[in-house]
Amino acid sequence: MQLTKKRKGETVRSLLSAASASLLLAVPLANAEDAHQHHAEGAPDQPWRVDVGTMRYSEKDRITVSEQNFRARRELGEESALTLRADYDSVSGASPTGTTKIQTTSGASGTAYMAHFQTVRNAVGVDWETSLSPDAHLTLSGDHSSSKMSKSSGIGATVARDFNQRNTTLVAGASYSVDTIDMDIMTELTPSDTATIRATSEKKDQIDLQLGVTQVLARGTLLQVNFIHSHASGYMTNPHKLISVVNALTGETLTNSPLAEKRPDTRYSNALYAQINHALGSGVLYSSYRYFQDTWGIKAHTVDLKYRQPITESLYVQPHVRVYAQGAADFYRSMLAVGETPVYASADHRLTKLQTNSIGVKLGYKPAFGGELTVRAEVLRQNGEQHPQDAIGVQRTADLFPELEATIFHIGYTKPF
Amino acid sequence: MVFRKLLACLMVVGTLSGCTTMQSAMQSVQPWEKNQLAKEEMQLVPDRIEEFFDSRVYFSREAAFGGKGVGGGGCGCN
């Protein structure tokens, strides 16, 4: 009897201490990183958190990207935190130019179906998070990136406010970025025998507005819904992309083909994103869906599923499946017939009807010296219309959207201290 | 096609699984019941580097973009 009472007493004490610990873990959910740092890692004695990662993205017979990313976050007292970010990537290999695969004339340079290129890009960023009140948080961010021919700078602000015992968080955010391209650009949609090349600096501005809500649905279930509206204006043509002009009957390319593509100079887009994190036994299921549409006529659906399953206390496995499907932009054309004079036209594969399927697996390991090491491998396949309806004559026999196959290999390490 | 159907089924299972727990959402989760939500793996973005790399890859290969938040800068590319 005494033993039973003692055990009951221990159980009650144990429950009370667990409850006390959990009270300290009342999570402000708007900012995942903030929540992670303050609560998951018990931050006061570990004000730093460093994340490093390297990725290799390789397309079969096309480009290879090598990318390194670094983040360091420092708690500044109990009310604020500063994050510094840096990224370096190098890209090399062959990329489709947009021209038809069957070249029936001996054109000048630039008419090849694929073009080789090489570029490097550096990017830096900073985030400053601070509490506006016990239930409200502000995050300010700044970014800059540059490569040989382009630059981008941006600023952003996000406010998150907790309600309902921190079970509900409303988020409002806005960001502004300016991209510039400095290079020689050929007159758009103009035959090569009359087009001129201008050395110029073209600019694009983009404003993004965000409204979001995060809701605790249950002890192990979290829902996030975001609506993002974007408005881009300025130069959005890809100066590296071309479009073939062919004989309207035979499909043979013309001697003054191809032309430089041209896209509209405004683009309004909306993205509705929903994510559910759900604890399933000892694992976690992450599921998300995104609907995207814009004024270029593109509509896209994205479904993403991950399941994290612990294998031991220090090891977990996380399979991943992603499916993406998009419709074509209104001005997408696989080629133009001679005599056509569209206002806008692009043969960039990324603007046509396509589907991307990705499957991968990640392993996470917590070594004895601390932190977490992750290794991830994924395979990605992208398919589109191999024989689109607007193909003409001999071009109908060609595969105008060869399957894109790529692998992603990524190693990361995270350590709070 | 089979792949898409399989994925749709998985989404339905995931959604239903979430819905079964929504009944208890009628009552607010108390602060002392949030030990599970406070875990690293339950955060909205458990792995920032993975998130960053994926957004870079898909931004450069697909027309749709964004949805998870604002800011982060562009790439200067079209």
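The values are calculated or read from the model by the stated rules, or taken from the named source; none is laboratory data. None of these values were measured; they are calculated from a predicted model. Neighbour counts run over all protein chains shown; Cβ positions are idealised from the backbone, glycine included.
Do we find a residue being in a strand (DSSP E or B), surrounded by fewer than 22 Cβ atoms within 10 Å (Cβ to Cβ) and more than 10 Å from chain B (Cβ to nearest Cβ) anywhere in region A:177-184? Give the steps one after another, and end with the answer.
Within region A:177-184, the subset in a strand (DSSP E or B) is A:177-184.
Imposing the further condition that a residue be surrounded by fewer than 22 Cβ atoms within 10 Å (Cβ to Cβ) reduces the set to A:178, A:180, A:182-184.
Pick out the ones that are also more than 10 Å from chain B (Cβ to nearest Cβ) and you get A:183-184.
Checking region A:177-184: at least one residue is in a strand (DSSP E or B), surrounded by fewer than 22 Cβ atoms within 10 Å (Cβ to Cβ) and more than 10 Å from chain B (Cβ to nearest Cβ).
Condition check: at pLDDT 95 or above and in contact with a His (Cβ under 7 Å, 6 or more places away or on another chain). Does residue A:209 satisfy that? Lay out the reasoning, then the answer.
Working: at pLDDT 95 or above: yes; in contact with a His (Cβ under 7 Å, 6 or more places away or on another chain): yes.
Yes, satisfied.
Can you name the number of the only condition in (1) without any contact (Cβ under 8 Å) to a residue 60 or more places away in the chain; (2) over 21 Å from the mean Cα position of the chain (by Cα); (3) in a strand (DSSP E or B) that residue A:216 fails?
So residue A:216 meets the others, but not (1).
Determine, yes or no, whether residue A:358 is in contact with a strand residue (DSSP E or B) (Cβ under 7 Å, 6 or more places away or on another chain), of a type in the set (S, T, N, Q) and either surrounded by fewer than 16 Cβ atoms within 10 Å (Cβ to Cβ) or more than 30 Å from residue A:197 (Cα to Cα) (or both). Talk me through it step by step, then tell me what you get.
On the way: in contact with a strand residue (DSSP E or B) (Cβ under 7 Å, 6 or more places away or on another chain): yes; of a type in the set (S, T, N, Q): yes; either surrounded by fewer than 16 Cβ atoms within 10 Å (Cβ to Cβ) or more than 30 Å from residue A:197 (Cα to Cα) (or both): yes.
So residue A:358 fits the description; yes.
For residue A:316, indicate whether it is touching a residue at least 40 places away in the same chain (Cβ under 8 Å), more than 9 Å from chain B (Cβ to nearest Cβ) and of a type in the set (Ser, Thr, Tyr).
For residue A:316, the condition - touching a residue at least 40 places away in the same chain (Cβ under 8 Å), more than 9 Å from chain B (Cβ to nearest Cβ) and of a type in the set (Ser, Thr, Tyr) - is not met.
Taking region A:225-261 only, how many residues are modelled with pLDDT of 95 or more, part of a loop (DSSP other than H, G, I, E, B), facing chain B (nearest Cβ under 9 Å) and buried (at least 24 other Cβ atoms within 10 Å of the Cβ)?
Here the count works out to 0.
If a residue must be within 7 Å of chain A (Cβ to nearest Cβ) and in contact with a helix residue (DSSP H, G or I) (Cβ under 8 Å, 6 or more places away or on another chain), how many such residues does region B:38-61 contain?
Count: 8.
I'd like to check something: does region A:239-253 contain any residue that is touching an Asp or Glu at 6+ places or on another chain (Cβ under 9 Å) and farther than 19 Å from residue A:101 by Cβ?
yes
Considering region A:185-224 alone, what residues qualify as being farther than 22 Å from residue A:272 by Cα, of a type in the set (Gly, Ala, Ser) and facing another protein chain (nearest Cβ under 9 Å)?
Scanning region A:185-224 gives A:218, A:220.
Please work out which residue is farthest from the other protein chains (Cβ to nearest Cβ), limiting yourself to region A:275-305 and to residues that are in contact with a Gly (Cβ under 9 Å, 6 or more places away or on another chain) and not in a strand (DSSP E or B).
A:297
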